[in-house]
Amino acid sequence: MKDLGLKVEILLQGVGVLISWNAILTGLDWFNTKFPDYNTNAVFPFLNFTPYIIFQPLTILYGNKFGFNIRIVLPYVVMAAVLAMIPFFVVLLSELGAFVVMGIGIFISGCVNAISQTSVFGLAGTMPGVYTNLVMVGNGLAGLGINVIRLICLGIFPDSSTGLLESTAVYFIISGTILIVCCFAQLRLMRHPLVKSCIAGTTSVEAEKDNSVIKYEELSSVSEERPITDQTQPRFKDVVGSIWEYLFQVWLCYFITFGMLAHVAIATQVE
């Protein structure tokens, strides 16, 4: 398969932008056990999702002032650190202290995740359509994979409070490790000739640093569909007008997940 490495790298970005979100949602059973006096089913997803309303529009408007690696790799590192530290917060702090610190960490993770997700789709959008499709495939794999990892971790460790803590610690550390792998994939794909060619005609920081348009044979098949020419900064209204259907579908997916998950978790909670 042509450019298999690049396809895998862009697929991993689709995985990376949803790992933190899915890891937190899938860990709600453990959160309920550790914080029985707090409504974690509603609070943690709310803290993780609400920043999207602010940081996604800001990234669309001002993201071009920062390089793609800054907007994608740095959020991955922050999210990985938050996920890996979650079990230690519970062990080292009081119940209230751990709940507050975890809430702050999850909120920060939501802020940077909004930036990375918007940037990944922005990067994929400059490339041939197959790469955006691969990002979406990666989104699906993130949801499926994180549930499989959770089930495996729960099955390996004993069915006790200590076993639950250990399995959850391993689960969050694995999730954070996946994000670090996605960091290296992102750094590598930005050096690919096709990626450099696709962003050469945009207003990104990378395009300003490299004014030479790099030719790449794969671009010939999509030259009529997406010609590489000098572009001015598009208007926010025009961008939203052209992609509002996709934005609505993504919002609807999160809204349904956020609206129904708490009810499902409560309904299936073991007495």
Checklist outcome for this item: Rounded to the nearest 0.05, FRET efficiency between Glu95 and Thr162 (Cβ-Cβ, R0 22 Å) equals 0.80
Next on the checklist: What distance in nm separates the two pseudo spin-label positions at Leu74 and Lys209, each 7 Å out from Cα along the beta-carbon direction?
Outcome noted: 1.3
Item to check | the stretch 55-202 pair-distance distribution - Cα-Cα, 5 Å bins, rounded % | outcome: 2, 9, 15, 19, 19, 14, 10, 7, 4, 2, 1, 0
Checklist entry - Gain in length, Val8 to Ile104, computed as 0.36 nm per residue apart minus the alpha-carbon separation, to one decimal in nm? => result 31.3 nm
Next on the checklist: Rounded, prolate or oblate for the stretch 124-201? Axes are the square roots of the Cα gyration tensor eigenvalues, ordered a ≥ b ≥ c, and the cut-off for rounded is a/c under 1.5.
Outcome noted: prolate
Item to check | Per DSSP, loop trypsin sites (Lys or Arg not before Pro) in the stretch 166-208 with at most 11 further Cβ within 10 Å | outcome: Arg191
Item to check | Förster radius 25 Å - calculated FRET efficiency between Thr33 and Thr177, Cβ distance, rounded to 0.05 | outcome: 0.55
Checklist entry - Ala81 versus Ala42, label points 7 Å from Cα toward the beta carbon: distance in nm? => result 3.2
Checklist entry - Which parts of the stretch 1-27 would a label at Val137 reach, counting a residue when its backbone N lies under 20 Å from a point 7 Å out along Cα-to-Cβ? => result 1-19
Next on the checklist: Under the 0.36 nm per residue contour assumption, what length would be gained going from the current alpha-carbon distance of Leu151 and Ile54 to full extension?
Outcome noted: 31.6 nm
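Read the figures in this text as sums done on the coordinates, not as results from a lab. None of the values given here were measured: they were computed from a predicted structure. Ideal geometry is used to build each Cβ from the backbone, glycine not excepted, and the neighbour counts take in all protein chains shown.
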